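Worksheet: the structure to be examined is printed underneath.
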Amino acid sequence: MGKTNEDAATVRATAIGAASMVFWGMMAGLERLSTQAFGPQLGIAVIYLIAAPLAFLLRRPHEPQFYGWRYLLVSGALFAGTDILTGLAIGHAATSAQTVQVTIVNYLWPTLTVLGNLVFGRDTHANWLIIPGTVLATLGVATVVGGDAGLDLPSIAANIYSNPLPFAFALGDALCWSAYSVVTPRISGGKDALAYMFTATFVSGWAVWGVTSLLAGPQVPLVPLGPASFIMPVLTAVVLVLGYLCWNVGILRGNPTTLSTLSYLTPICSSVASMIILGITLAPTFWAGLAMVVAGSLLSFLSTHARKGV
């Protein structure tokens, strides 16, 4: 009976962890709507002004000393960098369709994480699947960025050249999150300082807004604001916090292998949710490129998983 209860608890926790992909899937579309009203920098700052206290309310943390300052400072900086760059990439996208494109650029992070673990993790090994996995994921992102033309170098170059900032932010986002994924397990001691991570993002978001306002002029809302204007930032903050909370429950109490495999479906959830939230239609070439990204990420994951199982 005890074993049955334990198995049921693991299944429940895994299901809760899987729900994080639905929440994260909605993030890009909601952030886009938030930044359309407030502007990229101010929109991010407002979202995390709400998300940080919500994270403290839902996941009351220990004192900072409990976690260790190296974990808080290093992982906090990478976490904040990831979320700020995500928001800037989405906010600076020229169109809703480009919003989805830059979101897929971010999903290079699973492959980059595997490569980072190979370089910096002495206990990590990979078989030959890492090569086609990396190539396929990269070609998939290029196909998405190419728009209707797909894997066409002139179209890819023209799309990036027309508005390079969001693509640069998205690539930086992927690098930051892969670095976080490589470093944090080695320095966290199994502890979870999620509320402090959101606080670091809140502080960073307002710092970015302040610096940008000083250098480029006041960063003010793009449309007249009223009470209804804050609905989207509130929804975005709730989705972000619930996504991370559900993921942590799944990883800590559920089946991490199952969750890790399911997490590679997140870009599909994100694309479908963005279509619904933003009211856009995505070209067949987009879905072909997305399938390549997902397949390449899975191959990269399996390249290490297969060797560890030997």
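Since every read-out is calculated from the coordinates, none of them should be taken as a lab result. Bear in mind the structure is a predicted one, so any value in this text is a computation, not a measurement. A quick note on method: Cβ atoms are made from the backbone with ideal geometry, for glycine too, and the neighbour counts reach across all protein chains shown.
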Give the whole-number value, in cubic angstrom per residue, of the convex hull volume spanned by the C-alpha atoms of the stretch 32-88.
80
Could you compute the net charge surrounding residue 47? Neighbours are other residues with a C-beta less than 14 Å from the C-beta of residue 47; K and R count +1, D and E count -1.
-1
Given the Cα-Cα distance of residue 288 and residue 229 and 0.36 nm per residue of separation, how much length would full extension add, in nm?
17.7 nm
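Within 10 Å, count the other beta carbons around each residue, average over each peptide in 37-49, 169-181, 138-150, 65-77, and list them highest first. It would help to have the intermediate numbers written out before the result.
Working: 37-49: 25.1, 169-181: 22.3, 138-150: 20.6, 65-77: 16.2.
Descending packing order for the listed peptides: 37-49, 169-181, 138-150, 65-77.
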Quick one: grab Rg to one decimal and Dmax as a whole number for the stretch 151-310, Cα atoms only, in Å.
19.2, 61
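May I ask you to derive the FRET efficiency for residue 125 and residue 69 from their Cβ-Cβ distance with R0 = 30 Å, giving the value to the nearest 0.05? Mind showing how you got there, number by number?
On the way: r = 32 Å, r/R0 = 1.06.
Once rounded, the FRET efficiency stands at 0.40.
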Return the long-range amide H neighbours of residue 222 (sequence gap of 5 or more, or a different chain), with a cut-off of under 5 Å between placed amide H atoms.
38, 39
Give the share of C-alpha pairs in each 20 angstrom bin for the chain, from 0 to the last occupied bin, in whole percents, shortest bins first.
32, 60, 8, 0
Please identify the helices of the chain, taking whole runs of DSSP H, that span at least 30 Å along their own axis as judged from the Cα atoms and have a mean Kyte-Doolittle score of -1.0 or higher.
2-38, 164-187, 194-216, 231-253, 284-308
Once both label points are put 7 Å beyond Cα along the C-beta direction, the residue 248-residue 152 separation in nm becomes 4.7
